[in-house]
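Asks: One structure, as structure tokens, below. Some questions next.
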Amino acid sequence: NIAIRLGKDEAWFNSTRARLVETCLQKDPMHPYWDVPRYVDNFQNGLKMVWDRFLDGKETDHVEVVEEVDSQGKPRGTTQAELAAREERRRELKGNRKGTKNDEL
């Protein structure tokens with residue numbers, strides 16, 4: 001239904017597009033729709049919770065990942081400074097891998 005409406009209703013398409021663009025441009029913190037580092041952290045936390053349940057011999061069950069919150073009680077998103085620090089760390093790690101056996105292949 002949504003795809004059909006987007007194709008037929010130009011005003012709704014334009015308003016939906018404008019809202020998506022607005023969320024995409026949101027910085028400090030990033031909007032949850034586009035915050036991949038936040039998603040990855042939450043996903044990894046969820047996997048760890050499932051693994052810990054397994055190691056403890058508990059039955060499988062749903063898990064709920066509860067995000068850290070800021071001083072206003074809102075989930076903490078990724079900031080531009082955090083993105084820059086992650087990128088710097090990634091480049092350092094990549095630089096340290098040069099000259100390893102895998103690079104020679």
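Asks: Counting pairs of alpha carbon atoms under 8 Å apart in space and at least six apart in sequence, what relative contact order in percent does the chain give?
Replies: The normalised contact order for the chain reaches 23 percent.
Asks: Now, a different point. Please turn the phi angles of the stretch 2-16 into ³J(HN,Hα) values with the Karplus equation 6.51 cos²θ - 1.76 cosθ + 1.60 (θ = phi - 60°), one per residue in order, whole Hz, x for glycine and proline.
Replies: Calculated HN-Hα couplings, in order: 5, 4, 5, 5, 4, x, 9, 10, 4, 5, 5, 4, 5, 5, 5 Hz.
Asks: Give me the percent of Cα-Cα pairs in the chain that sit more than 20 Å apart, rounded to a whole number.
Replies: Numbers: 3555 of 5460 pairs.
Cα-Cα pairs in the chain separated by more than 20 Å: 65 percent.
Asks: On to the next question. First compute the accessible area of the chain with a 1.4 Å probe, then give the percent of it belonging to carbon and sulfur atoms.
Replies: Values: 5190 of 9390 Å².
It is 55 percent, rounded to a whole number.
Asks: Cα axis of helix 80-97 to longest principal axis of the chain: angle in degrees, 0 to 90, nearest 10?
Replies: Helix 80-97 sits roughly 40 degrees off the main axis of the chain.
Asks: Additional query: Length gain on complete extension for the stretch Gln44 to Lys58, per 0.36 nm per residue less the alpha carbon to alpha carbon distance? Can you show the working numbers first?
Replies: On the way: separation 14, 0.36 × 14 = 5.04 nm, distance 1.92 nm.
The span from Gln44 to Lys58 would gain 3.1 nm if fully extended.
The values are calculated or read from the model by the stated rules, or taken from the named source; none is laboratory data. Just so it is clear, the structure is predicted and the values come from calculations on it, not from any experiment. Ligands, DNA and RNA are excluded from the accessible area calculation, which covers all protein heavy atoms including side chains. Shrake-Rupley method; radii C 1.70, N 1.55, O 1.52, S 1.80 Å.
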